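Nothing in this text is a laboratory measurement; each read-out follows from the coordinates by a stated rule. Model, not experiment: these values are computed from the prediction. Backbone-built Cβ (ideal geometry, glycine too); neighbour counts: all protein chains shown.
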Amino acid sequence: MTQSDIENAPLVNEGAVWRKHVVPRRLEITHLSWVFLWASVSLMVEFIMLYQGTFNDSIINAVGMMSCLMWLHGFLMLDHWMISLGGGDFSKIPHVALFGAILKTIASVFFNMQPITALANNDLGYSWSNLTGILFFHTGNMVSIFDMMIYSRNLPGGFNYKNPFCADNIPVYAMWVYLAATSLLVPANFWTCSDLNISVPSSDTISAFQITGGALLSVGSIMFLVWAGPLPSFGIRPAGMPGELIAIESSF
């Protein structure tokens, strides 16, 4: 926890008192939360363009490429953020949470293979890489949920069962939204994988799964951003604010 973390922390109203909602290395987590939001929105836009069927394939793949690069950038930053929480002490790193993040980083690498090969070869690209990627992403989300709800429960970074609606639980609820999103995108990627010889539903059903999954990722990303603080200018107490400013508490 740095002095900057404390100074930039937003104030949270808790009845008669106000406390600072401190997020370690908050500017970094705010940055990657914005990256995840734009990655999610770009993915949803790509799915909408596919559903419309009136856009050039190169444009669709370019939008997909931007989304995939942002996912990779965001998860690499998330890995760095979690490692930094240890402050150089390996034993203090949230190992289970980091494992989940690494799985999603690997997923992002596979995600990038499809649009790269599609743009390079002027075709649909490697559909198997999207399927492989979403399986890693979904598994990583399940690991994150296990960590938050069970392994790290009632600890920094875990679900606070004593106060389920506190601000510190926002990332946990956001991760459940992410898990719901990938639960829809996993079957959608199975259906669209050209390397598999399986029966598939109608194109409208596939598009519904894809677009809803992208929308849920966007909602989850907004929730992460709300928790982190969307702008770096928090922590200033307005004049005449009622209540008493009490001890600073860490949310991780």
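Taking Rh as the Kirkwood radius computed over C-alpha pairs, what is the Stokes-Einstein D of the stretch 81-151 at 20 °C in a medium of viscosity 1.002 mPa s, expressed in µm² per second?
Estimated diffusion coefficient is 160 µm²/s.
Roughly what would the spin-label model give for SER202 and SER91, points 7 Å off Cα along C-beta, in nm?
Here the answer is 6.1 nm between the modelled labels.
Give me the net charge of LYS162's neighbourhood, meaning all other residues with Cβ under 13 Å from the Cβ of LYS162; Lys, Arg count +1, Asp, Glu -1. Numbers along the way, then the final one.
Numbers: positive: ARG153; negative: ASP168.
Computed value for this residue: 0.
Once you compute Rg and the Kirkwood Rh from C-alpha atoms, what is the Rg to Rh ratio for the stretch 114-235?
1.08
Using alpha carbon centroids, what distance separates the stretch 111-172 and the stretch 27-94, in Å?
Cα centres, the stretch 111-172 to the stretch 27-94: 11 Å.
Any idea how far apart ILE83 and ASN163 come out in nm if each label point goes 7 Å out from Cα toward Cβ?
3.3
Length gain on complete extension for the stretch ALA120 to TRP38, per 0.36 nm per residue less the alpha carbon to alpha carbon distance? Write down the numbers at each step before the final one.
On the way: separation 82, 0.36 × 82 = 29.52 nm, distance 2.41 nm.
Extending this stretch completely gives an extra 27.1 nm.
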